[in-house]
Structures are given as C-alpha cells and as structure tokens.
Amino acid sequence: VQLVESGGGLVQPGGSLRLSCAASGFTFSNYAMSWYRQAPGKERELVATITSVCHMTNYADSMKGRFTISRDNAKNILYLQMNSLQPASTAVYYCHAKAFVRAYWGQGTLVTVSS
C-alpha cells in the first residue's frame, strides 16, 4: 500500500497550491479519503474528507470556502486545491485512506506560506 503526496512547496500569502495523493496497493474507490495537516508544534488536524462512492465532502470550519477536496477514482488520485493561503496554513499535509478497520497514511508534503 502506498499513498504518495506531491505538490507542496513555498507559496506567498494569498497564493494557491494543488496537492495530489497517488494511491496504490488497495482498492482506492472503496476508501473514504482525507487530508490532514500538522503545523509545527501542533497536533495533526483534519482538513477535509471525501467519501468513497457519492463523493460527499466535509471540511474543517477554517478551510471552508478556500480549500476543495476531490478525487479521481479512475486514476486513484486524491486532490486538495488550496486557495487564499495564509501563513497559518503552513504545515505538513498528509493523505489518509480509511475503510472500516483499515487505514493508511502517506508520508506527507510540506506546504510553507511565507513572503
């Protein structure tokens, strides 16, 4: 099983980034997928979730309206479009897959928002 995040980097305040998570080794379409993030010195927190079949989405309150989670089940890829980024968004962003008792994590991709 692999979850490989990409798309992180340095961006100026107000900028945008799109993160990707390439999944392999499991039936991607059967899993609810999420993005989490962990800022320096803070606990990991949920950013957004998208369900497996209906693609229903749910966001942390602070991310609503700025972040969009989506998935391509044909390509086994999860996305996170992040707009209007602020320094408080600086964190390592992790991809997470969950179905019943099985759960997997990616290794994370660093997003730094700074001028």
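Points worth noting:
- Close pairs (6 angstrom Cβ cut-off, 6 or more residues apart or separate chains): of a type in the set (Lys, Arg) in the range 60-87, surrounded by 14 or more Cβ atoms within 10 Å (Cβ to Cβ) and part of a loop (DSSP other than H, G, I, E, B) anywhere: none
- Sub-6 Å Cβ pairs linking a first residue in the range 88-105 that is farther than 16 Å from residue 78 by Cβ and of a type in the set (Ser, Thr, Tyr) to a second residue that is open to solvent by 10 Å² or more (accessible area, probe 1.4 Å) and part of a strand (DSSP E or B), at least 6 apart or interchain, are 90/112, ordered by first then second residue.
- A single entry from 107, 86 fulfils the requirement of being farther than 24 Å from residue 24 by Cα, touching a strand residue (DSSP E or B) at 6+ places or on another chain (Cβ under 8 Å) and not acidic (Asp, Glu): 86.
- Residue that is surrounded by the fewest Cβ atoms within 10 Å (Cβ to Cβ), among those in the range 42-59 that are at pLDDT 95 or above and either in contact with a Pro (Cβ under 8 Å, 6 or more places away or on another chain) or not in a strand (DSSP E or B) (or both): 43
- Among the residues making up the range 74-115, those that are of a type outside the set (Lys, Arg), at pLDDT 95 or above, closer than 17 Å to residue 50 by Cα and not in a strand (DSSP E or B) are 74, 76, 106.
- Pairs linking a residue in the range 1-26 that is surrounded by 14 or more Cβ atoms within 10 Å (Cβ to Cβ) to a residue that is basic (Lys, Arg), with Cβ atoms under 8 Å and 6 or more positions apart or on different chains, are 7/18; 26/102.
- Qualifying residue in the range 65-81 (condition: basic (Lys, Arg) and either more than 19 Å from residue 7 (Cα to Cα) or within 10 Å of the chain's Cα centre (by Cα) (or both)): no
The values are calculated or read from the model by the stated rules, or taken from the named source; none is laboratory data. Note that the structure is a prediction, hence the values are computed from the model and not measured. Positions of Cβ are backbone-derived with ideal geometry, glycine not excepted, and every protein chain shown enters the neighbour counts. For accessibility, only protein heavy atoms count, side chains too; no ligands or nucleic acids. Shrake-Rupley method; radii C 1.70, N 1.55, O 1.52, S 1.80 Å.
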